[in-house]
Amino acid sequence: MKDASEPSNIVSLTQRLDPSSERGGALLNTVRDIAGRRLQILINGMFEHVDDALFDLAEKAENNAAQMHYFDGMREVRKRRPIVERSFLAHVSRELSDFAANQRTAPSSGIQLPVGTAELSLVADNELEESLAITSMIGKNETRLTRELFSVNQRLSVIYGGLKIEDGSNPVGPASLSQAFRLAMRELNAEMRVKLIIYKLFDRYVLASLDELYQEINAELIRAGVLPQLRHEVSRSGATGRGAGAATADGGQEGGAYLGDDEGSASSELLQTLHTLFSARRGAPATAMRMPAGAVQLPSANELIGALSVLQSQAAINQPLPLGAGNALELAGEVQQLKEHLLAQIGSLRGEKPSQVSTIDEDTIDLVGMLFEFILEDRNLPTEMQVLLARLQIPYLKAAILDRKLFAHRQHPARRLLDSLADAAKGWSAESDRDHRLHDKIKSIVDRLLQDFDDDISIFERLCVELQEFQDISRRRAELAEQRVAESTRGREKLEQARRRAAREILSRIDGHTLPPLIHGVLSRAWANYLVLTILRQGEESSEFRDALRFANDFIDSTKPARTLDERRALRQMLPGIERALRRGLANVAFQESDIDRLLAQLHTYYRHQLGEAVPEAEIQAVAEPSSLPIPESIQPIAEAELARSEPEPEPLVDTPEMQLVAELKPGIWLEFITGPETVERAKLSWISPMSGRYLFVNRRGLKVADHAPHELAEALARGSARVLDSTALFDRALDAIVGRLSQPATATSPATE
């Protein structure tokens, strides 16, 4: 009952408004105006990005035909955009106006897929692809907008005379808006590949921005007194006992926030699609419970959970099989035979073995089985990790039976945990995990699920948090090591570049001159290193570097014969500057003062001889030999060596698919390198040098594994000694593979043809 102190204009949850009444109509008009205004802005914004997206794809198209499809799509969108926008907004407005009448006469029309073999054959591949794309974006946004949608559902229910409104039937919910846009897209005569791009943009620019629409609707209805004290709470499902939870008013979700629905209401569009595909393979209607007359009663959900718990306790005791091709086949066989094991266990518990389970349960068992078959075949995962994760089939089958939405919601804790485990495992290798920290952490999570998971889904959330904390600590350690590796590599490259520049400058000046060994040695060793140091400290554009090059020119010029009076006068004028520059430069590259004096003494002897002064033959002979001065460790004879190393690298094959793949790689992507007959290393692309263009790879601990020039990496990819690992989440890749496999024509051994 309404509290006596409550204002008279506040509508409680038990009250209903007639949408045809003055107040109900006014509130409905308010909602329709808000939706129309905001959606007009959002749909306009979305279409502003279509041209750019299609143009980018056309530029990257694999051939001229594909490019023309995108250009044709651009022209069609420009021409038909106003019609599509008007159609979309009209569908939304009409749905808001007619919602109450439609609900009383027929169920809300969602995105329907036909069921059964005969009907499925009528569904074009394009329609199926379109439905899957729309299903995916609906599920993602319904999960993201749980709190706001709940409040809008409840308040619209009051306005519509008490009709029950859920996410899928809400006229401004993601499902209804997506259906309205799908109908509007029929006005567009474009290829499906173009339409799928537009659906992605609709997801990014319209559905992703619905928060503000819902907040404004809720604020206006609260201002009008419609359920101002409403809190977001989801009730626990009663009879099934499959677990549930609550979402608090601040949007936080407890462990069961994804549970609490029976199989009818939990069927998202994705699950409907999968059920349809499974049924087509079996040749039976999707809703059938295939139980012959007189057969043993089909197992209930509680019986399935009980039998799985027994099998799970057995699996917890059994240790994972050691690695080996034979054992991998045995593991795959166990994954496929779980249904038989499950029926046998139910038979031992109830005293009679059922021959089958209900269609919905069989679909779930088969779907989980195909997920773990995918894991065992997934080359993204190291074999050791495949073996570990394959042990989770029973806990995940239990979770899927407890909560049918596991496969439909990306944010489901069980799904996030498996994705996180696979992501952590992707970078694992024996070499990078010598202390077994990562291996033992993943194994402990697998063991705890097998030992502790009963029917409380919240365990997945707790383990998710634990794994995330472990990964955060490991990542921070790795980032420090990775930063040191990158800085070290960057420093080496700067040094390498400076050495090459110094070598080129010295060698280009020496070329064509026959220099005394003493002069040649000073230039190619001490002075070349001084040039390197100057480049690193002051840069190639500095006055210091220009002065150092000027000295090299003067030093070489000083070796020319001085036969005339003018030539001798010029040489004498040069010598003080040469001595000053040489003394300063050698001091900078760590020559001792006494060694510098000895070198200058040798040079004085040489220049006296050049100027025609009388010099003892022994002294002239000493100058003719290379200097025997002690050379500091930092001084290296770089010039000749660097000349050889500064030869141009082989011209890369820019048009190969591998070179194109290398050009698209971004830091953070993981690759697998085969470094020996039985040695495989996984490494992350950490850094691409802006100077040399080389690609630096580190392992999960941040330690350097390799660095490659682009053409070297392309060659390794072409040989098969390197392979790019997929960055898509495990669950998404698995579902794509499963839908693709089920969409293929049934083979002679498939259930559909037996």
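The set of residues in region 347-359 being of a type outside the set (S, T, N, Q) and surrounded by fewer than 22 Cβ atoms within 10 Å (Cβ to Cβ) consists of 347, 349, 350, 351, 352, 353, 354.
Annotation: residue 753 fulfils all but one of (1) loosely packed, with under 14 Cβ neighbours inside 10 Å; (2) modelled with pLDDT of 85 or more; the unmet one is (2).
Residues in region 67-78 that are free of Cβ contacts under 8 Å to residues at least 40 places away in the same chain and in contact with a Leu (Cβ under 9 Å, 6 or more places away or on another chain): 67, 71, 74.
What about residue 454, is it loosely packed, with under 15 Cβ neighbours inside 10 Å and either without any contact (Cβ under 8 Å) to a residue 12 or more places away in the chain or hydroxyl-bearing (Ser, Thr, Tyr) (or both)? So residue 454 fails the test. Tell me, which residue of region 680-695 that is over 19 Å from the mean Cα position of the chain (by Cα) and in contact (Cβ under 8 Å) with a residue 40 or more places away in the chain is nearest to residue 424 (Cα to Cα)? Among those residues, the one meeting the criterion is 681.
Among the residues of region 394-435, the ones that are under 18 Å from residue 373 (Cβ atoms) and in a loop (DSSP other than H, G, I, E, B) come to 0 in all. Checked against (1) surrounded by 15 or more Cβ atoms within 10 Å (Cβ to Cβ); (2) modelled with pLDDT of 85 or more; (3) of a type in the set (D, E, K, R), residue 377 passes all but a single condition, namely (1).
Comparison of 201, 230, 221 shows that the only residue that is touching a Ser or Thr at 6+ places or on another chain (Cβ under 9 Å), more than 22 Å from residue 362 (Cβ to Cβ) and modelled with pLDDT of 90 or more is 221.
Matching residues to (1) in a helix (DSSP H, G or I); (2) modelled with pLDDT of 85 or more; (3) of a type in the set (Asp, Glu):
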residue	(1), (2), (3)
93	yes, yes, no
110	no, no, no
114	no, no, no
127	yes, no, yes
155	yes, yes, no
162	no, no, no
168	no, yes, no
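Does region 668-680 contain at least one residue that is among the charged types (D, E, K, R) and either assigned by TED's automatic domain parsing to the domain that holds residue 559 or at pLDDT below 60 (or both)? Steps first, please.
Here is the first cut: in region 668-680, the ones among the charged types (D, E, K, R) are 672, 678.
With the extra rule that they be either assigned by TED's automatic domain parsing to the domain that holds residue 559 or at pLDDT below 60 (or both), the set shrinks to none.
No - not one qualifying residue is present in region 668-680.
Screening region 72-82 for residues that are surrounded by 14 or more Cβ atoms within 10 Å (Cβ to Cβ) and over 29 Å from the mean Cα position of the chain (by Cα) and picking the one that is nearest to residue 43 (Cα to Cα) gives 81. Only one entry of 660, 592, 621, 602 meets the criterion of being surrounded by 15 or more Cβ atoms within 10 Å (Cβ to Cβ) and at pLDDT 60 or above, and that entry is 602.
Within region 173-194, the set of residues being farther than 15 Å from residue 87 by Cα and surrounded by 19 or more Cβ atoms within 10 Å (Cβ to Cβ) comprises 173, 174, 175, 190, 194. Screening the candidates 469, 493 for the property of being under 34 Å from the mean Cα position of the chain (by Cα) and assigned by TED's automatic domain parsing to the domain that holds residue 552 yields one hit, 493. Residue 534 meets all of the listed conditions (1) surrounded by fewer than 15 Cβ atoms within 10 Å (Cβ to Cβ); (2) at pLDDT 90 or above but one, namely (1).
The values are calculated or read from the model by the stated rules, or taken from the named source; none is laboratory data. What you are looking at is a predicted structure, and each value in this text was computed from that prediction instead of being measured. As a convention, Cβ positions derive from the backbone with ideal geometry for all residues, glycine included, and neighbour counts pool all protein chains shown.
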